[in-house]
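S.K.: Take this structure first; my questions come after.
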Ligand code: ATP
Ligand code: MG
């Protein structure tokens, strides 16, 4: 019985919800629906006035009738609006995006159809003929020989000239082209061979190719640029289709053929993400090329009769013999504040499902490192918040400090903790994941977010599944992003995780490019590759704004072998290394920093005065302890002095242990090390160290906050300060 009432209640409730909910949805979408309709009507009017008019060339009679297409566009909008109602509010932005994208495609195809209709053969006989004459005049004004053509003429005496048009050409035009090009080549002692072709895919207008350079005045080319610019436009939340149609109409109105100049080449072969091409006479190293299928690549090899490039995307659709064109710029990435808090791939495209990335500027991925005169000495500390590092291997802004160790020894952990420690310090961080697992990248992003560090961090990720080409360019791209901030006068920390995998990706590319291989099959220029990258880290002089890039490259070793090829290379490029010992790490000494093998060659100058004093004897004491401890394994009879050294060494080691995601302020670190090395913790057992540490920090941040601040700001540890600290510590020790 009761059950029946429950069901009835439930049905009533559902009915009520449906009635109330429907109203709300109607209210939300009603206004929008009306607005879109209104805008559509306006746009329709506008569109009638403004479909493609080829001003200089096409007479009035060609003005198209657009009502039918406008109706079609409107219908799709209505369908889409109906769809939105189906989906509900949650997925709104996604549908909106799709909707605008589809509308763009639709509008473009409508326009294309129109344009094709405009250039029918019947019409050709009349007015379009005049267009050919106008285009060829414009082209002949622009032609000249490029350095690539001259080089070609050195070995061949004939340069090929091809004149392609959509419709049969007048003899007068062909003769004119022949005369002008022959004259141009005769001046430099060469000959031409003119070919005249017909190609309906040009739609209208014509195209002249001299050597590898194309002077393109065709309608197809203009449409290509039109579509490219259209797709490049960001889609905003506030975009409506009405707006889109209006903008589109405005642009379509301005549509008229220009002469586009570019260079073409031909694909010879494609394999494993590498493409060999010929043609492209004047191409430069590092330039971007575009294949017919839309994929892009970057030139990495220029030989006399062929050019090698890496392909960024899918290479399955690139056919041998297909065309490839120069895009006309060196590979570059978007840079700027918009990247902060985002995860992007090596090309700067967002991969975090957070939508459009509004970066305004771009920088080339390869850039000259600052010259000696542009640099200032490294003299400001960059605190990692990790006791063992800030005390023993301090890092300065502009320094390059290598983190090296076997797999699973906490390398990434150190880098991530350092990023977290930059919170509220004004340092921008860039984490570059090269060949890492996707899950690890996601985890790092999550951790940074939880600790409030994502807002000032950019993650550049090319996971293990990415192509070698993308893994290879990732650190260069990330450095370009860092350079933007550095030249703005900001401090940047960049972590390359890790360069061993980067070297492997480069080896793969080099082998595929058939470059001679050297030691361990790495190419001969692997050292140059990494030094070119790391030299871009610098502390700029004040005249240049005083910004800095601090680099933390990571290298993975095999069985602790730091004398292998890649490790020795990178060690010799950097200003020091933090060596992580797998044995220490497994013993529970975490972070497992090997004090004997870790150094910082410039960071000492950047250390806080108190820390410098406190940590000066730390390294020797730890080394002494290690040595004794090893020796002690053979016997247990020791004198009082040795026992004391052992004991305090053990405590010091214990004090340097630190968990993840727990960065500690520099001055607190100094106070802890001072307390332990001066014997204030002597009575306690190693297990109690954690509590001792926590209480000491609490003591100096709450009760003795004023003294804490003095230590923080002190330039050096003078007698007065030392006296005050000693007094405070005595009180603390008696209480503990
Ligand atoms: P890989 O070679 O796979 O890149 P890695 O050297 O970068 O490894 P991490 O991934 O940083 O090592 O750390 C390995 C493991 O050790 C992780 O599970 C991490 O949580 C743990 N770990 C690292 N540092 C500490 C620490 N200070 N305290 C406790 N655990 C730690
Ligand atoms: Mg790692």
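S.K.: Which angle between 0 and 90 degrees, to the nearest 10, do you get for helix 241-254 versus the longest principal axis of the chain when only C-alpha atoms count?
M.R.: The angle comes out at about 60 degrees.
S.K.: What distance in nm separates the simple spin-label points at residue 620 and residue 193, each placed 7 Å from Cα in the Cβ direction?
M.R.: Placing both labels 7 Å beyond Cα along the Cβ direction yields 8.2 nm.
S.K.: Also: To the nearest 500 deg cm²/dmol, what mean residue ellipticity at 222 nm is calculated for the chain from DSSP H runs of n ≥ 4 alone, each contributing -39,500 (n - 2.57), summed and divided by the residues? Kindly include the intermediate steps, with their values, before the conclusion.
M.R.: Working: 23 runs with 339 residues, N = 736.
Only helices count here, giving -15000 deg cm²/dmol.
S.K.: Using a/c under 1.5 as the rounded threshold, could you call segment 590-684 rounded, prolate or oblate? The axes a ≥ b ≥ c are square roots of the C-alpha gyration tensor eigenvalues, and prolate needs a/b larger than b/c, oblate otherwise.
M.R.: Prolate.
S.K.: Can you give me the relative contact order of segment 635-708 as a percent, contacts being Cα pairs under 8 Å and 6 or more apart? Let's see the in-between values first.
M.R.: Numbers: 37 pairs, mean separation 25.6, N = 74.
After rounding, I find 35 percent.
S.K.: Also, quick follow-up: Beta carbons within 10 angstrom, averaged per residue: use that to sort the peptides 364-373, 105-114, 242-251, highest first.
M.R.: 242-251, 105-114, 364-373
S.K.: Suppose we look only past 25 Å in the calculated P(r) of segment 100-258. What percent of the Cα-Cα pairs does that tail hold?
M.R.: Tail of the P(r) past 25 Å holds 43 percent of the pairs.
S.K.: Applying 1/(1 + (r/R0)^6) with R0 = 22 Å to the Cβ-Cβ distance of residue 146 and residue 183, what FRET efficiency is obtained, to the nearest 0.05?
M.R.: The pair residue 146/residue 183 has a calculated efficiency of 0.80.
S.K.: Separate question: What's the exposure ranking of 315, 496, 224, 697, going from fewest to most Cβ atoms within 10 Å? Don't skip to the answer; put the middle values down first.
M.R.: Working: 315 20, 496 30, 224 13, 697 17.
Least to most surrounded, the residues fall as 224, 697, 315, 496.
S.K.: To the nearest 10 degrees, how steep is helix 219-232 against the longest Cα principal axis of the chain, on a 0 to 90 scale?
M.R.: For helix 219-232, the angle is close to 30 degrees.
S.K.: Which whole-number percentage describes the relative contact order of segment 301-448, with Cα contacts under 8 Å and a sequence gap of 6 or more?
M.R.: Reported as a whole number, the value is 13 percent.
S.K.: Enter the angle in degrees (range 0 to 90, nearest 10) between the Cα long axis of helix 129-142 and the first principal axis of the Cα atoms of the chain, meaning the one along which they spread out most.
M.R.: Roughly 40 degrees between the two axes.
S.K.: Just the ratio, please: alpha-carbon radius of gyration of segment 255-404 over 2.2 N^0.38 Å, N its number of residues. Write down the numbers at each step before the final one.
M.R.: Numbers: Rg = 21.0 Å, N = 150, 2.2 N^0.38 = 14.8 Å.
Compared with the compact-globule rule of thumb, segment 255-404 sits at 1.42.
S.K.: Label residue 302 and residue 535 with points 7 Å out from Cα along Cα→Cβ: what is the distance between them in nm?
M.R.: Going by the 7 Å Cα→Cβ label model, 1.9 nm.
S.K.: Here is a follow-up. Rank by packing, highest mean first: peptides 262-268, 438-444, 478-484, 577-583, with packing defined as the count of other Cβ atoms within 10 Å averaged across residues.
M.R.: In descending order of packing, they fall as 478-484, 577-583, 262-268, 438-444.
S.K.: Something else about it: Considering Cα pairs under 8 angstrom that are at least six residues apart, work out the relative contact order of the chain and quote it in whole percent.
M.R.: Relative CO of the chain lands at 10 percent.
S.K.: On to the next question. Fewest Cβ neighbours within 10 Å first, please rank 156, 539 accordingly. It would help to have the intermediate numbers written out before the result.
M.R.: Working: 156 10, 539 26.
Ranked by crowding around the Cβ, least crowded first: 156, 539.
S.K.: Kindly provide the pair-distance distribution of the chain built from C-alpha pairs, with 10 Å bins from 0 and whole-percent values in order of increasing distance.
M.R.: 2, 11, 17, 17, 16, 13, 11, 7, 4, 2, 0, 0
S.K.: Oh, and also: Based on alpha-carbon atoms only, what is the radius of gyration of segment 328-481 relative to the globular estimate 2.2 N^0.38 Å?
M.R.: Taking N as the residue count of segment 328-481, the ratio is 1.07.
S.K.: Classify segment 572-640 from the C-alpha gyration tensor, please: rounded if a/c falls under 1.5, else prolate or oblate depending on whether a/b exceeds b/c. Write out the running numbers ahead of the final one.
M.R.: Numbers: a/c = 2.66, a/b = 1.54, b/c = 1.73.
Taking the square roots of the gyration eigenvalues as a ≥ b ≥ c, segment 572-640 is oblate.
S.K.: Here's another thing I want to ask about it. Between residue 641 and residue 424, what is the FRET efficiency for a Förster distance of 45 Å, r being their Cβ-Cβ separation, to the nearest 0.05?
M.R.: 0.50
S.K.: Test of understanding: ordering 202, 544 by Cβ neighbours within 10 Å, fewest first, what list do you get?
M.R.: 544, 202
S.K.: When you count, for each residue, the other Cβ atoms within 10 Å and take the mean per peptide, how do 525-538, 174-187, 403-416 rank with the highest first?
M.R.: Working: 525-538: 20.1, 174-187: 15.3, 403-416: 21.8.
Listed from highest to lowest mean packing, they are 403-416, 525-538, 174-187.
S.K.: To the nearest 0.05, what FRET efficiency results for residue 438 and residue 284 with a Förster distance of 35 Å applied to their C-beta separation?
M.R.: 0.55
S.K.: Going out from 0 in 5 Å bins, what whole percent of all Cα-Cα distances in segment 505-642 drops into each bin?
M.R.: P(r) for segment 505-642, in whole percents per bin: 2, 7, 11, 15, 15, 15, 11, 9, 7, 4, 3, 1, 0, 0.
Laboratory data are not the source of any read-out in this text; all were calculated from the coordinates shown. Bear in mind the structure is a predicted one, so any value in this text is a computation, not a measurement. Please note: Cβ atoms are built from the backbone with ideal geometry, for glycine as well, and neighbour counts cover all protein chains shown.
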